1. Suppose the filter is closer than 21 Å to Leu203 by Cβ and β-branched (Val, Ile, Thr); does Ile107 pass it?
2. Is it the case that Gly195 is in contact (Cβ under 8 Å) with a residue 40 or more places away in the chain, closer than 25 Å to Ala42 by Cα and small (Gly, Ala, Ser)?
3. Cβ-Cβ below 7 Å, separation at least six or inter-chain, first residue in segment 26-51 and over 17 Å from Ala206 (Cα atoms) and open to solvent by less than 40 Å² (accessible area, probe 1.4 Å), second charged (D, E, K, R) and outside any loop (DSSP other than H, G, I, E, B): which pairs?
4. Any chance you could count how many residues in segment 88-119 are within 16 Å of Asp168 (Cα to Cα) and either open to solvent by 50 Å² or more (accessible area, probe 1.4 Å) or not polar (S, T, N, Q) (or both)?
5. If Ile137 meets every condition in (1) open to solvent by less than 50 Å² (accessible area, probe 1.4 Å); (2) within 16 Å of the ligand (Cβ to nearest atom); (3) within 19 Å of Glu193 (Cα to Cα); (4) not hydroxyl-bearing (Ser, Thr, Tyr) apart from one, which number is that one?
6. If Glu149 meets every condition in (1) modelled with pLDDT under 95; (2) away from the ligand (no atom under 16 Å from the Cβ) apart from one, which number is that one?
7. Residue by residue through segment 63-72, note down the ones that are more than 16 Å from the ligand (Cβ to nearest atom) and open to solvent by 20 Å² or more (accessible area, probe 1.4 Å).
8. For segment 41-55, which positions are in contact with a strand residue (DSSP E or B) (Cβ under 6 Å, 6 or more places away or on another chain), among the hydrophobic types (A, V, I, L, M, F, W, C) and more than 12 Å from the ligand (Cβ to nearest atom)?
Amino acid sequence: MKKKPQRKRARVERSSQKRRPKNPHFEPISTELATIGKGFQARGWALGTSGNFSAVVSREPLRLAITATGLDKAELATEQFLEIDEEANVVRGNGKPSAETLLHLAIVRGAGAGAVLHTHSVSSTVLSGAHARQGGIALEGYEMLKGLEGVRTHEHREWLPILENSQDMVELSRRVSSTLQESPGIHGFLLREHGLYTWGVTLAEAKRHVEILEFLMEVLVRSGAAQSS
Ligand SMILES: [Zn+2]
């Protein structure tokens, strides 16, 4: 008689944990993100636990797969990803979400992104410091610009805004949202002396945008643009 309510409580707890069926996209998306993240680390764009990567696993309700904080990206694995809800609460996986999770959510909402990738390369760090006073960097005339979604010609002028860095993620995510509202055509932005955020409708598109923007920033650095202002 006494055991019955206990069993009932245990059942309730179990059923609340499993109330929603596990999203079947979470694991394959996390595996893809891990592969991409390791590739970025190998290129020197996500060293020393820096950088974070996310992708939408469902829209209704909004769920993201995102890197847990403090991971060596060289060793990134599927099981190190967390599933988070629209308020950055962890609904699946072990670990703490990255401090920058709110920025990922702001980009998913503001740019309609399906994936958000954030790197800390030498080029983005140097350029975002050197050009901070101009509020951004203009990328113009390069053939590689055509790798950005919707760009058809090297004559395109891509504006890469530079936002002042902050450790206050609530405040910074608001600035990210207003930047996306003010400049709806952008493909990415820089945080000053911190790194690059870019995104895509798909994970493949977001990965391409990292490669294109990192390439173009490296071109600017190597051609001396870091000293131009
Ligand atoms: Zn960062």
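The values are calculated or read from the model by the stated rules, or taken from the named source; none is laboratory data. Everything numeric in this text was worked out from a predicted model, so none of it was measured. Positions of Cβ are generated from backbone atoms using ideal geometry, with glycine treated the same way; all protein chains shown enter the neighbour counts. To get the accessible areas, we keep the full protein, side chains included, count just its heavy atoms, and leave off ligands, DNA and RNA. Shrake-Rupley method; radii C 1.70, N 1.55, O 1.52, S 1.80 Å.
1. In short, yes.
2. Here the answer is yes, as Gly195 does meet what is asked.
3. Phe26/Glu83; Phe26/Arg92
4. 9
5. Only one criterion in (1) open to solvent by less than 50 Å² (accessible area, probe 1.4 Å); (2) within 16 Å of the ligand (Cβ to nearest atom); (3) within 19 Å of Glu193 (Cα to Cα); (4) not hydroxyl-bearing (Ser, Thr, Tyr) is unmet by Ile137, namely (2).
6. Glu149 satisfies all of (1) modelled with pLDDT under 95; (2) away from the ligand (no atom under 16 Å from the Cβ) except (1).
7. Arg63
8. Ala55
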